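Where a number appears in this text, it was derived from the coordinates with a stated rule and is not lab data. Note that this is a predicted model, so its numbers are computed, not measured. Reconstructed Cβ throughout: ideal geometry from the backbone, glycine too, with neighbour counts over all protein chains shown.
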Amino acid sequence: MNAPTAQVLLRKEDQRLITGTGQFSADAQAAGMCHGHVIRSPHAHARITHLDVSAVRAAPGVRQVLTAQDVQAAGFADLPNAVQVKNAQGQAQVVCAMPVLAHDRVLFVGQPLVWVVADTALQAQDAAELADIGYETLDVVVTFADATAPGAVQLHPQAPGNTSVKFEAGDRAAVDAAFAKAHFVSDIAVESQRLVGAPMEPRAVWAWHDEAQGLTHVHTPSQGVGAWQLI
């Protein structure tokens, strides 16, 4: 029996991308469009001692500046957790919700603190440089072993030991029985790499509101379909 002949599927996007005619989120233009810029934490773990964005609000072209207090006043919920599991005893996973903008503390490098909206992207970036933010740095942990060790700094009080859930799948009794009668047993620690499915334009959003229809249209090159459905 002859093996099937391999076929190469042609990519449809190459022509426009290599000729400079492709369109990305930054290329989108619309009447009255504004641009946003996020001020992010430079620290992995710190307490926010003060946050003054008065100079940002007064900068040229700035239309809106949002902090955690503004998000709370507007009644916006924390970011949803699309997937939750239970531990081996059937107890629900401890969910530590992620705020839209950090308040009181930052828990990782790059955590959003302030959202700046201006007429142009450069105006939003320039205005963000005027923010006066003070931090008191706190102890950090980098590895899983350090984070779950006795006495490690706790990030969320509702998750002791920095543990959200201990998940099991399969037949434990059958596995234990197989190991009990095995002639040789090897131990191995497998460290799962940290990764995220991200498009070429991560976290890019282009949105506009149709007042006549009462609809807000959102375009985003994101793989997070489940999260978008929950918002």
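See the values below:
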item	result
Matching entry among Ala127, Ala173 (being surrounded by fewer than 10 Cβ atoms within 10 Å (Cβ to Cβ) and on the phi < 0 side of the Ramachandran plot)	Ala173
Residue satisfying condition, being farther than 20 Å from Gly36 by Cα, in contact with a strand residue (DSSP E or B) (Cβ under 9 Å, 6 or more places away or on another chain) and without any contact (Cβ under 8 Å) to a residue 60 or more places away in the chain, within set Ala74, Ala97	Ala97
Cross-chain or 6+ apart pairs with Cβ under 8 Å, segment 163-190 first and over 30 Å from Ala97 (Cα atoms), then assigned to a loop (DSSP other than H, G, I, E, B)	Arg172/Ala88; Phe179/Val185
Members of segment 168-184 that are basic (Lys, Arg) and within 26 Å of Ala92 (Cβ to Cβ)	Arg172
In segment 102-118, the residues that are touching a Phe, Trp or Tyr at 6+ places or on another chain (Cβ under 9 Å) and farther than 20 Å from Gln158 by Cα	none
